[in-house]
């Protein structure tokens, strides 16, 4: 086996195990990230400044004292990579032949079994996300700095992204919720598996409903804001002065250091046309 | 006033070139305590002497009579008609070779699975039968028996979307067996050896946790737990 | 014509058949197994309660050994068994259980320290020895003086069958599933194999083998209501009977189990009573102690069944739309014990009765359960009349059980007989007699005869309805050849069954020659009727009561005239079987005939019983070491294969 031209298979091929672990791990990270993402995005419901603060936070603004949008880009790139990996691994499970598809459909109709049905929901939502998620990911990758109350609202409304986000919301929440539940029953070591599964199922549906409601409310907030801001689309948001730390370079701007922000130190607006994909 | 039950029963003899798969309807008057075994026997005796189905123990222990009862796999012999609606559809178990009508060849499938998974205790040596047997922890013995209660009825395979899409998938029955032997101190195989048997997508990593198996198993085996346990053990082999 | 060769053709894929095949394989032969159903679905799987073997590990089993097991078995048989076979059996049973333990059966184990049990309606604390921790434990069963019945919850047969089947697969023994033997191929002296029908395609083939082993189980299904699986139709007995030369033994010895549920006849294990359950009547009264003060609910099955019927006749039964029944009460064992040790019982109650046995009484009544009779063999398992034909397990009359079998001795017999007969089969195959010398012409004749018979069935414009004939046969057997028997009823049973047999040749069959359930019933029914006739005629002729065979008109056990074994043979062209009798030799018995210790004491003594008893007493008075005394009274070890002659180690009996 040491000889380089040996075609003997290894005694154990570890890759099926690794790929399975990788599929679960990427799913876990993506699923948890989507829930957190929703919580961050929904900060708009607490007000524009709250959302602005969250957005700048991820640009390292409160750490470095000035925003580094490429941090967001890097993070998005990582999520993109996880997404691609997860999609590639999950693709192995899809029904690839018509015969397989028909067998599953017949089975699902006959069994009327929730978890069997939910898997099909995952296939559909996963498939749809192949196409829809990259649109959003690409925008975030290339324009990380355009995350903010007005910026995002303009994207949603004036950029006509809301139909995509509306669909994506349902896809993500269903797929992620089901996927995280499935991870729990797939790997979990429960004392009473039947009772635990019942609880997990309740939790899963509860969280899905919660995030859908939260998501719809958030999207509605952005749409409303976007509608109101439509005449000034492309204008960057300026936070209310008194609550925010200085944007001075190396100014030791801790989150708690509240000071006024001279407009000159705010990054310049990109030259975007009104109504463009901001 | 007893109900008149309407049965929609799948009929087809794949070896008869003149036979087309179809459904025949029968009416049977319900009796108290009537099981599907009693009802089908009556159909055969009174309406259709050529109807094929498999009952052996008729007591829910041999696993012969699994079929799709209103779409779900179950043991026909211990299904009371009183628990079903007035219209009952009976189809052969999918995932297995059809013999005729409601009769499928689960035995052939199970033997092939056992051979493939080497589903038997691998002994390190023969024991001296005159000597007192090796001691075994009483709780462990009970735990092994708990997994040994599988009756190979095929319900878990027929309830598994993965198995129906991919005929080479070992199904919950196979994974439960390996979990049983892995637990058994008399089987001296290592995890690496088990991994060679099921460490791929037709084995443990093919399972998509649809849990149809867990929900239809007539013996209420802890299939979800066993599959998860095996998955964790096999995943460790990949690290 | 397809011809398949093997060294050993085993007909039947249950415990006995698979164990024989394993023994043959391990001796370097090529066995193959025929089974009506996938082997793991054989009726062995339904054995619940346990397997007797004198391991003496648990507290209540201490002091147990082969001698006690032997004596319990002989008493249980009402002295009808072959005592040499019972000795061989009791000696090998511990080895069999230890072998199964090594192969993977998860026998329940002893927990050292205190545990609570129910004995005779009382909660009692037993203390298990530290030394026995983790060794195989046992429960109480009817007719035994020690707790000797080893078990895995109440799925013992399942655990044993799956373990043996897994070994058969491991050792690559072919199992031809859904194949049925229709006739033995023989020349009147030597059996050469069988004509086999594929139940899927209908194709006939000739399976030729040096040795043919019938291990097809019992014939319970000739009765209408039976605890037996639907496949136990006595086809193995019929195969031997139809050779015209092989004999069936003690066919009238049919056991009725006290506790089958009403109305389906599904068994709930004797372990229910072994673990402390009791029988109750319509008033909720526990009646068994009134009849059997000594063994109470745990007398042997024949006795408990008769006492139950007697009590119902006295007007104490519970009426139901399905006839009278009594109650089995296991409520005091508690839900936890039932969940752990009587799970199948719980499932059966839940699915077939809709009750919870931890709270409700279970409706039970005596129901046909076991066939002590079967293909008569010598201690090696071979038919004395047809060389190369072997039989073991319930299909055989080896004769371990005589006229009544003890609970837990049945699965024990299957594996013990499988081990022993398997060795003898291998010896036979490897001896000059074992050479296969058969012309294919003979095989073709047999195949063609069966083929013509089947073709005649589907082309013949029959006028009889097979289902109606079958129902009538079942009714006759239940009503007239049941728990209580009498001359006039038996005479009418024989006459009616003979008439049914004649009519069964006129059965109408539609459909073809392949997977056709109608055809299967049509060719099996005449064979079942022949088996039923041997039962009814044996019962008619035996004008005494012994074990499970009870004649109201001859209630005494008549050792003087009937200490013998019925042999039935069906000569070609005859309308009825011919019966002959094989005497049992009292002077060579280790345990001379006496009172069983339970049941009615109504015995007409054998003239040699007293002198033999005196000899035996003298021997015991000499207080020799038990092995020496036993060997002097009835030596048996020379009949065992060399590998199974060693003594059995126990905690209190270390190996020398």
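The table below lists the values:
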{"read-out": "Unique residue being within 13 Å of chain A (Cβ to nearest Cβ), within 16 Å of the chain's Cα centre (by Cα) and surrounded by fewer than 23 Cβ atoms within 10 Å (Cβ to Cβ) when the list is B:220, B:193", "value": "B:220"}
{"read-out": "Residue check, residue A:43 within 26 Å of residue A:217 (Cα to Cα) and not in a loop (DSSP other than H, G, I, E, B)", "value": "yes"}
{"read-out": "Among (1) assigned to a loop (DSSP other than H, G, I, E, B); (2) farther than 27 Å from residue B:127 by Cα; (3) in contact (Cβ under 8 Å) with a residue 60 or more places away in the chain - the single one residue C:582 does not satisfy", "value": "(1)"}
{"read-out": "Any strands (runs of 3 or more DSSP E) falling wholly within segment B:1-108 and containing at least 2 residues that are more than 7 Å from chain C (Cβ to nearest Cβ) and within 18 Å of the chain's Cα centre (by Cα)", "value": "B:66-69, B:72-75, B:87-91"}
{"read-out": "Index of the failed condition, residue C:28 passing every other in (1) away from every other protein chain (no Cβ under 13 Å); (2) in a helix (DSSP H, G or I); (3) out of contact with any strand residue (DSSP E or B) (no Cβ under 7 Å at 6 or more places or on another chain)", "value": "(2)"}
{"read-out": "Pick from segment A:106-133, criterion within 8 Å of another protein chain (Cβ to nearest Cβ) and surrounded by 21 or more Cβ atoms within 10 Å (Cβ to Cβ), ranking: nearest to residue B:94 (Cα to Cα)", "value": "A:107"}
{"read-out": "Residue satisfying condition, being touching a residue at least 12 places away in the same chain (Cβ under 8 Å) and over 25 Å from residue A:182 (Cα atoms), within set A:53, A:85, A:26", "value": "A:53"}
{"read-out": "Any hit, segment B:163-186, residues being over 21 Å from residue B:111 (Cβ atoms) and within 18 Å of the chain's Cα centre (by Cα)", "value": "yes"}
{"read-out": "Condition check for residue A:144: outside any helix (DSSP H, G or I) and in contact (Cβ under 8 Å) with a residue 40 or more places away in the chain", "value": "yes"}
{"read-out": "Pair list, Cβ under 8 Å, 6 or more apart: segment C:502-521 residue facing another protein chain (nearest Cβ under 7 Å) and at positive phi, other residue modelled with pLDDT of 90 or more and in a helix (DSSP H, G or I)", "value": "C:511/C:458; C:511/C:518; C:511/C:519"}
{"read-out": "Members of segment C:251-270 that are away from chain B (no Cβ under 14 Å) and touching a helix residue (DSSP H, G or I) at 6+ places or on another chain (Cβ under 7 Å)", "value": "C:251, C:252, C:254, C:255, C:256, C:258"}
{"read-out": "Options A:180, A:203: the member that is away from chain B (no Cβ under 14 Å), at pLDDT 95 or above and either out of contact with any strand residue (DSSP E or B) (no Cβ under 9 Å at 6 or more places or on another chain) or surrounded by 13 or more Cβ atoms within 10 Å (Cβ to Cβ) (or both)", "value": "A:203"}
{"read-out": "Within segment C:113-153, tally of residues that are at the interface with another protein chain (Cβ under 9 Å from one of its Cβ atoms) and over 21 Å from residue C:66 (Cα atoms)", "value": "4"}
{"read-out": "Of residues in segment B:143-187 being closer than 24 Å to residue C:137 by Cα and at the interface with another protein chain (Cβ under 7 Å from one of its Cβ atoms), the one surrounded by the fewest Cβ atoms within 10 Å (Cβ to Cβ)", "value": "B:186"}
{"read-out": "Test: residue in segment C:566-579 that is over 25 Å from residue C:297 (Cα atoms), free of Cβ contacts under 8 Å to residues at least 60 places away in the same chain and within 24 Å of the chain's Cα centre (by Cα)", "value": "yes"}
{"read-out": "Any hit, segment B:122-141, residues being in contact with a strand residue (DSSP E or B) (Cβ under 9 Å, 6 or more places away or on another chain), under 30 Å from residue C:260 (Cβ atoms), in a loop (DSSP other than H, G, I, E, B) and free of Cβ contacts under 8 Å to residues at least 24 places away in the same chain", "value": "no"}
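For (1) out of contact with any helix residue (DSSP H, G or I) (no Cβ under 9 Å at 6 or more places or on another chain); (2) within 13 Å of chain B (Cβ to nearest Cβ); (3) surrounded by 24 or more Cβ atoms within 10 Å (Cβ to Cβ), each residue gets a yes or a no:
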site: C:168; (1), (2), (3): no, yes, yes
site: C:172; (1), (2), (3): no, yes, no
site: C:184; (1), (2), (3): no, no, yes
site: C:187; (1), (2), (3): no, no, no
site: C:192; (1), (2), (3): no, no, yes
site: C:204; (1), (2), (3): no, no, no
site: C:208; (1), (2), (3): no, no, no
site: C:215; (1), (2), (3): no, no, yes
site: C:225; (1), (2), (3): no, yes, no
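The values are calculated or read from the model by the stated rules, or taken from the named source; none is laboratory data. These figures come from a predicted structure and were not determined experimentally. Heads up, the Cβs are rebuilt from the backbone with ideal geometry, glycines too, and the neighbour counts pull from every protein chain shown.
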